[in-house]
Every structure is written in C-alpha cells, then in structure tokens.
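The values are calculated or read from the model by the stated rules, or taken from the named source; none is laboratory data. The structure displayed is predicted, hence computed values, not measured ones. Every residue, glycine among them, receives a Cβ derived from its backbone with ideal geometry; neighbour counts consider all protein chains shown.
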C-alpha cells in the first residue's frame, strides 16, 4: 500500500497521501466488495477515473481503520459534498493523476486541494483572484498554484454552491516558502479566518485547511 505521507496536524486532524502506482485490477481487488457496488463502478466509465475512485476509497478506508472508524462507504449530501456513512467524522479529499490525499477530523469541517503549477492558472487568474491577489502573485506560477489550491480548499470546507472565488474566498499575501498562510471565507452570514498548511510533494502543491 503506497501511503507515502501520513501525519497528524496540531488540531488532531490526520492526513494520508497515496502515490498511485498500482494497476486498475490490483486496486479493484484491494477494495472489499461490500463497499464497492456494481452501480458505483458502472457510473464511472473512464478507467483512469475508476483508478482515482479506487485510490480515494482505499485511502479513506486506511485512515478509518487506523482511527477505529467503522467504514461503511461514502455518499454525497445535497450539495455534492462527500461524507462518511454512519459517522460524524469529517473528511476532505483531492486527487491528481499521480496522488490521492485525504484529511480527516472527528468533528471539524476540512478542505484540501492538490495542484501542479501550469500556464492554465495564469490564463484563468482573472477568474479566481482579486486585483490585490493578482498583484501579489505577480504572474508567478507557483504562487498562482498556491492561491488556486488554497481557494479550492476553502471552497471544499464551505461545502456549498454559489461561491464566487474572487469575492468570497480571500487569501492574504504570502511568500512561496511560507508553510502556513491565511485565508478568509466571507459569504452570506459567514466571515471566518483560517490557517492553511502548504506542502510541496514532487511537482505539486498540497494545501490543507485544518
């Protein structure tokens, strides 16, 4: 089982990162049949997406087993936010072509995102950064990536729709080597400040709200 990173944060949330190296058949064989229904598998048509699905479930199950949580599977609420069936534990997950990352906490809402710096983030910066944030990023691809993942993590923590990234999700200026940055969720009657942990894994940035 290629869990390459496993840690506990100061707020007693737990992180696990899986490096995807197995084949489709190997991963499918690892999942207990009672938590992988034929209907779930049939709803995911692309083999690559199926691999991501398998790995995400295996990583969540790994943490659940480690923490003594009975794993009965995953469902989604009315807003599309996933939750553990039959448990009050909260989790958030993210995936790339190479990695799956999951963070879990006994009661606290969480958000996590993982992204690779790319030119695409420069092209769409006007869609997710305020003018202040754009000026602070200064077209730096690494900073743009951290901004994107930080806002995605806050969005996942919020867990509802109709979020405007420029107006509702705000990130304070930071340096590229900064390990903890500050974020703000401001929407409807919510106005909360959060600390976000930034970690570099290979060519990716992992940002966690916890």
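Only one residue in 150, 137 is within 16 Å of residue 172 (Cβ to Cβ), out of contact with any helix residue (DSSP H, G or I) (no Cβ under 9 Å at 6 or more places or on another chain), outside the structural domain of residue 91 (by TED's automatic domain parsing) and crowded, with 21+ Cβ neighbours inside 10 Å, so which one is that? Quick ask: steps written out before the conclusion?
On the way: 137 fails: out of contact with any helix residue (DSSP H, G or I) (no Cβ under 9 Å at 6 or more places or on another chain).
None of the other options fit; the residue is 150.
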Fill in the blank from the handout: From the option list 97, 101, 153, single residue qualifying as assigned to a strand (DSSP E or B) and either closer than 30 Å to residue 47 by Cα or within 12 Å of the chain's Cα centre (by Cα) (or both) is 101
Problem - Restricting the range 9-24 to residues that are surrounded by fewer than 15 Cβ atoms within 10 Å (Cβ to Cβ) and without any contact (Cβ under 8 Å) to a residue 40 or more places away in the chain, the residue that is nearest to residue 207 (Cα to Cα) - result: 10
Exercise for the section: Specify the residue that is surrounded by the most Cβ atoms within 10 Å (Cβ to Cβ); the eligible residues are those in the range 159-172 that are in contact (Cβ under 8 Å) with a residue 24 or more places away in the chain and in contact with a strand residue (DSSP E or B) (Cβ under 6 Å, 6 or more places away or on another chain). Expected result: 171
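Just to be sure before I move on: is residue 51 at negative phi and in contact with a helix residue (DSSP H, G or I) (Cβ under 8 Å, 6 or more places away or on another chain) in the structure I sent?
Working: at negative phi: yes; in contact with a helix residue (DSSP H, G or I) (Cβ under 8 Å, 6 or more places away or on another chain): yes.
In short, yes.
Using the structure shown, decide if residue 27 is surrounded by 13 or more Cβ atoms within 10 Å (Cβ to Cβ), part of a helix (DSSP H, G or I) and in contact with a helix residue (DSSP H, G or I) (Cβ under 6 Å, 6 or more places away or on another chain).
yes
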Practice task
Read through the list (1) more than 15 Å from the chain's Cα centre (by Cα); (2) part of a strand (DSSP E or B); (3) farther than 24 Å from residue 159 by Cα, then give the number of the only condition that residue 75 fails.
Solution key: (3)
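Would you check which residues across the range 131-150 are in contact with a strand residue (DSSP E or B) (Cβ under 7 Å, 6 or more places away or on another chain) and either assigned to a loop (DSSP other than H, G, I, E, B) or closer than 17 Å to residue 201 by Cβ (or both) and list them?
Filtering the range 131-150 down to residues in contact with a strand residue (DSSP E or B) (Cβ under 7 Å, 6 or more places away or on another chain) leaves 133, 145-150.
The answer is 145, 146, 148, 149, 150.
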Problem - Selected residue (criterion: surrounded by the most Cβ atoms within 10 Å (Cβ to Cβ)) from residues of the range 33-71 that are touching a residue at least 12 places away in the same chain (Cβ under 8 Å) and in a loop (DSSP other than H, G, I, E, B) - result: 71
